[in-house]
Amino acid sequence: MHHQDIAVDVVLDIYQRILRIRRFEEAVGLLFRQGQLPGFVHLYIGEEAVAAGVCAALTDEDTIISTHRGHGHVIAKGGDIKRMMAELFGKATGYCKGKGGSMHIADFDIGMLGAIGIVGGGLPIAVGAGLSAWYSNSNRVSVCFFGDGAANEGSFHESLNLASTLALPVIFVCENNQYGEFTPAQNAMNITDIADRAAGYGIPGLVADGADAFEIYRVTAAAVERARAGAGPTLIEAKTHRRGGHAEGEEAFLAGQTYRDEAETAEAQAKDPLLLLHNYVSENKILPANQLETLDSNITQAVAEAVEAARNSPDPALESLFEDLWL
Amino acid sequence: MARKTYVAAIQEALAEEMRRDPRVFLMGEDVRIGVFPSTRGLHAEFGGKRVIDTPISELAVAGAGIGAAVNGLRPIVDLMFGTFLYLAFDQIANQAGAMRFMYGGQTNVPLVLMAQNGAGSSAGHHHSQAVHQFFMNMPQIKVIMPSTPTDGKGLLKSAIRDDNPVLFLHSLSLGGKRSDVPENEYLIPIGEADIKRAGSDVTICTVGPTVYTALGAAKTLSREGIEAEVIDLRSLSPWDKGAVLDSVAKTGRFVAVDESFPSCSAASEWAATVAEAVFSQLKAPVQRVTNKDVPMPFSPALEKAVLPGEADVIAAVHKTMAYS
Ligand SMILES: Cc1ncc(C[n+]2csc(CCOP(=O)(O)OP(=O)(O)O)c2C)c(N)n1
Ligand SMILES: [Mg+2]
């Protein structure tokens, strides 16, 4: 890990994005286990460097599309944790007025075009976002986050090909956390690197270390440059690790069944993206320890306030069911 | 007889049929671990050849089920959530249902598709829609949606033995429900309704989880002196027109309760059939109680308001009672 080519303010920016995601997700996990959140939640803990590194390389005009595991993407793009938390509680003050929930958060004002609960559902839409930029001669770039599991959906293949044939400014970011639910990626595909699939569509495919936010930032910046230059899409495969279960509370229905290799899990956990970056920033004296602590306590405080505000917010009015329909 | 949960009854149906017929196998995402516990434990007994974990590729998996079915196997394809059937739509609508007819009777497709249908877990639009009505609209796809463990087991076993494509829809909200499940082998024929409650004033026709909504409403209505006959169709395609029409001939009033979006809902089909067939015996216009005509919301309060509730059923019955 090194940041020689990355400005210090970018380093700190990435660090804050990661920290904000981590503290938010820790709070969400706790709330879910306490039975305070409806539905189900899929946490992004362990994968934060991917969203943070990618989004730090984007402008506010660039757009992203996310998945069922989407909280980290929203935060990395600059989402408001108060409105996010309220949405997770299903409250009227949430991003989608309580109509969307954990798997459907969007903030169109910051180019976050929506989280999608259907695996692979976001890729075609991201192609369309890229198409709109191309059509209107805009500089905008479209990014799509998706998992290793999604790379086995037809939509992945069709989307890469479509984006490639039109040379659209789309960046496909595959978060390979090695599992789709309880199925190891290696059981669901006969290749090690999903990036290899890019060759079949005539676009570059790169593998990057998903625990190294700087590397993610670097490969994204290069893909953005390529996209803005009109040279077309890129597939980035970030090798990453999902710290927790597929969904919170999965122990209950696993009923003692296991599906992860403990040794592999321990090894991956040692590569915690927050810890790595924290150590890096401390060792390289980018920010003094007391300032790092202040940063952390400010974020923790902001998350606690978001939870409190969400709790005290009203449920959506029943009339809201008949709002946001046909114009 | 032992009281068993819905999940346990489904598990038994799958295991018994796999023991009985070596051509029967199961495939889908995480069927080994069992995202819905009904497939749990089957891998331990039957191994990886007959309990196949697949990649997340609904279209290919459903289609592979068809291909295996026309080549002598009897696949059960678990597509997890009903909304994921949308990704396999082509293979179901264009191929599975039509093949036998389209190829002039040369083949048949003994395939079972299974999925959880409908709302109740506050998971938002992508995981909470009921989809049964789409498949009722497709010629030659059978659709079953049992509401009790006993019916679930008997109907699923019939589906596995059926020589045609059958969609078996279960519901997360019914997973923990218990009923008496006979120890001895039994089948429940596809297409036969169950009269859950006899009554002379109004016929309430429904299927799946809303059976319990209808029964709750009937109880309240009874206290007012209105006796509702509650019919659990159990099968949606083909459905038991005879049982429904006989009941309406007796009561003269018809209320269809269905967790579909309203247009072209299952309820629409039942109501139209009743209006066509026994118009002269109706004392009041037929009524439909369905979801509100909006996408599925996440908020539990909103979700509840979208779904047909007991109060909605009671209001519809009152409407029919206003005519004499
Ligand atoms: C079309 C579709 N099929 C199945 C599911 C159920 N499901 C939700 S998440 C998931 C695993 C996705 O794996 P991956 O794409 O690797 O993302 P990860 O959860 O690892 O972030 C599955 C199968 C779904 N939501 N949508
Ligand atoms: Mg994955």
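Numbers below:
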| quantity | calculated |
| --- | --- |
| Net charge contributed by nearby residues that have their C-beta within less than 15 Å of residue B:101 (K/R +1, D/E -1) | +1 |
| Cα coordinate range in the stretch B:2-181, projected on the principal axes (Å, largest first) | 45, 37, 30 |
| Debye, to nearest 20: dipole size of the stretch B:2-181, +1 on Lys, Arg Cβ, -1 on Asp, Glu Cβ | 420 |
| Vicinal HN-Hα couplings computed from phi for the stretch A:123-128 (Karplus, 6.51 cos²θ - 1.76 cosθ + 1.60; Hz; Gly/Pro x) | 4, x, 5, 5, 5, x |
| Selected from A:62, A:315, A:109 as most flexible by GNM, with chain A as the system and alpha-carbon contacts under 10 Å | A:109 |
| Cα-based convex hull, chain A, per residue volume (Å³, whole number) | 138 |
| Environment charge at residue B:268 (Cβ cut-off 14 Å; Lys +1, Arg +1, Asp -1, Glu -1) | -4 |
| Distant-in-sequence amide H partners of residue B:196 (H built 1.01 Å from N, under 5 Å) | B:230, B:231, B:232 |
| Rounded to 10°, Cα long-axis angle of helix B:310-321 versus longest principal axis of chain B | 50 |
| Integer Hz, Karplus 6.51/-1.76/1.60 couplings in order for the stretch B:122-138, x for Gly and Pro | 6, 10, x, 4, 6, 10, 10, 7, 8, 10, 4, 5, 4, 7, 5, 7, 9 |
| On Cα atoms only, tilt of B:241-251 relative to the major axis of chain B in degrees | 20 |
| Amide H partners (placed H, <5 Å) of residue B:191, local residues excluded | B:235 |
| Mean-position separation - Cα centroids, the stretch B:122-178 and the stretch B:284-310, in angstrom | 20 |
| Formal net charge of residues neighbouring residue A:153 (Cβ-Cβ distance under 13 Å; K, R +1; D, E -1) | -3 |
| DSSP-loop trypsin sites (Lys or Arg not before Pro) across the stretch A:202-265, with at most 14 other Cβ within 10 angstrom | A:260 |
| Per residue, in Å², the accessible surface of the stretch B:194-321 once ligands and nucleic acids are set aside, probe 1.4 Å | 36 |
| Principal semi-axes in Å for chain B [√(5λ), Cα gyration tensor, largest first] | 33, 20, 19 |
| Mean residue ellipticity (222 nm) of chain B, computed from DSSP H runs ≥ 4 via -39,500 (n - 2.57), nearest 500 | -10000 deg cm²/dmol |
| Centre separation in Å (Cα based) which lies between the stretch A:258-295 and the stretch A:68-96 | 25 |
| Which listed pairs, of B:177/B:283; A:97/B:292; B:142/B:292, have C-alpha distances above 28 Å, in listed order | B:177/B:283 |
| Degrees, to the nearest 10: B:266-277 long Cα axis against longest axis of chain B | 60 |
| Members of B:196/B:241; A:91/B:319; A:99/B:304; B:153/B:196; B:157/B:250 lying beyond 23 Å, as alpha-carbon distances in this model show | A:91/B:319; B:157/B:250 |
| Gyration tensor over alpha-carbon atoms, the stretch B:194-321, equivalent ellipsoid semi-axes in Å | 22, 17, 13 |
| Of every Cα-Cα pair in the stretch A:1-114, the percent that sits beyond 22 Å | 30 |
| Inter-label distance for residue A:265 and residue B:281, nm, one decimal - labels placed 7 Å from Cα along Cα-to-Cβ | 6.1 |
| Label-point separation, residue A:282 to residue A:257 (7 Å along Cα→Cβ), nm | 4.1 |
| Charge dipole magnitude, Cβ of K and R +1, D and E -1 - the stretch A:1-89, Cα centre, debye nearest 20 | 460 |
| Chain B, relative contact order in percent, only Cα pairs under 8 angstrom and at least six apart counted | 16 |
| Peptide A:93-103, shielding by other chains (average Cβ, 10 Å cutoff) | 5 |
| Chain A, relative contact order in percent, only Cα pairs under 8 angstrom and at least six apart counted | 23 |
| Separation between Cα centres of the stretch B:102-116 and the stretch B:68-88, rounded to whole Å | 10 |
| Neighbour-limited loop hits for trypsin sites (Lys or Arg not before Pro), the stretch B:1-93 (at most 11 other Cβ within 10 Å; DSSP other than H, G, I, E, B) | B:49 |
| Where the Cα pairs of the stretch A:125-248 fall when distances are cut into 5 Å bins, in % | 2, 12, 22, 23, 19, 13, 6, 3, 0 |
| Karplus-derived 3J(HN,Hα), 6.51/-1.76/1.60, for each residue of the stretch A:14-28, Hz, glycine and proline x | 4, 4, 5, 4, 4, 5, 5, 4, 4, 5, 5, 5, 4, 5, 4 |
| Chain A, helix-only ellipticity at 222 nm - DSSP H runs n ≥ 4, -39,500 (n - 2.57), divided by all residues, nearest 500 | -13500 deg cm²/dmol |
| Exposed-loop-free span, longest in chain A, where GluC sites (Glu not before Pro) count as exposed if DSSP calls them loop and at most 14 other C-beta atoms lie within 10 Å | A:62-322 |
| Amide H partners (placed H, <5 Å) of residue B:80, local residues excluded | B:116 |
| Taking N as its residue count, the alpha carbon Rg of the protein assembly as shown over 2.2 N^0.38 Å | 1.03 |
| Among B:290, B:213, B:148, residue whose mean-square fluctuation peaks in a GNM of chain B (springs only between Cα atoms under 10 Å) | B:213 |
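The values are calculated or read from the model by the stated rules, or taken from the named source; none is laboratory data. Please read these numbers as outputs of a predicted model, since none were measured by experiment. Cβ: placed from backbone, ideal geometry, glycine included. Neighbour counts: every protein chain shown. Keep in mind that these areas ignore ligands, DNA and RNA; they rest on the heavy atoms of the full protein, side chains included. Shrake-Rupley method; radii C 1.70, N 1.55, O 1.52, S 1.80 Å.
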